[in-house]
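Data block below; observations after.
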């Protein structure tokens, strides 16, 4: 590939960042040939040649001079149409849409094989941190035990303001929205779905197994209260929204997204503001830690540029772990320890704890700490959508290795 002629879909904050980065990276030998937008007449902060703009996707997809599609639209359905249309035409694609990729990854893998082309998406998980390609290449063995971390910058920024700057939760959320770290509707981030979709993609490259989003326990920080914050502080811990995939045996693994009590001895304790941090654990190398900005215009654009450069050298994901004979199976038959703030005894009686080790009741709030099977927690998941309820994980996996 002598020169990369890019057809860019999406020209919002990330798209404009990509335009800046591509024009700055002379060694990429890449140029943005055309940009597809919803409204070609919309005023934009970044001035571009109007002749580059189009609102007709086919003007890019049918242009034989364009040899790479870069897609950063914020609509998952539109993203799916663009990516699948390009792959069926044999045009390689770079995408950052984690929701679309996580929901359609098996089909997207098949399309790459059928039409002998490539889809790269390092930017979909953890922004500037090269998690996907490292899991695909460096950790290309069956010694991987765990991938765990903070995968969402918006929720982490909010929790950082709470625990490091003594702000209340609602004030921290408003600040995150004002600074652009959280959307006007922040539910995708703070309810854990952004982290969930990233975790699904990571798991394919970590263990070679795809798990549908609906099968994974996902719980966010929406109902976090002052009581929960005080409890964590009294225990000298922070609360972080953590996503993790863990091998619980040679034959099985589990995965979930939920708030977690994090002690100062853990690497992710000091991952603050809009940063992401990922801990990768293996049988022979213990823990390795990756840290960096997980979102934003230029950090995401830098990851997109890395994928563009990779395509220049013919790189593609091989999904080698999906061909392993002895891939582990996903299980929810594992025991967790959780903190549960609950409204009354009637509610508590509906939660199938195996055992309860700590209980507190007061006029302000009630909580218990106890053990519960993940599959039972999934069964009662609808009950947890209650502002008087908050669930937080008390970590149990690999504690004996962290002493």
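The set of residues in segment 117-127 that are buried (at least 24 other Cβ atoms within 10 Å of the Cβ) and part of a loop (DSSP other than H, G, I, E, B) comprises 121, 125, 126, 127.
Yes/no per residue for (1) surrounded by fewer than 18 Cβ atoms within 10 Å (Cβ to Cβ); (2) touching a helix residue (DSSP H, G or I) at 6+ places or on another chain (Cβ under 8 Å):
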position: 114; (1), (2): yes, no
position: 131; (1), (2): no, yes
position: 146; (1), (2): no, no
position: 152; (1), (2): no, yes
position: 190; (1), (2): no, yes
position: 200; (1), (2): no, yes
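Within segment 355-372, being surrounded by 15 or more Cβ atoms within 10 Å (Cβ to Cβ) and either in contact with a helix residue (DSSP H, G or I) (Cβ under 9 Å, 6 or more places away or on another chain) or farther than 18 Å from residue 331 by Cβ (or both) holds for 365, 366, 367, 368, 369, 370. Could you please let me know if residue 225 is touching a residue at least 40 places away in the same chain (Cβ under 8 Å) and surrounded by fewer than 23 Cβ atoms within 10 Å (Cβ to Cβ)? For residue 225, the condition - touching a residue at least 40 places away in the same chain (Cβ under 8 Å) and surrounded by fewer than 23 Cβ atoms within 10 Å (Cβ to Cβ) - is met.
Taking the criterion of being surrounded by 15 or more Cβ atoms within 10 Å (Cβ to Cβ) and not in a loop (DSSP other than H, G, I, E, B), the residues of segment 133-144 that qualify are 133, 134, 135, 136, 144.
The numbers here are math on the coordinates, done by the rules we state, and not lab data. Since we're looking at a predicted model, the values are computed, not measured. Cβ coordinates were reconstructed from backbone atoms using ideal geometry, including for glycine residues, and neighbour counts include every protein chain displayed.
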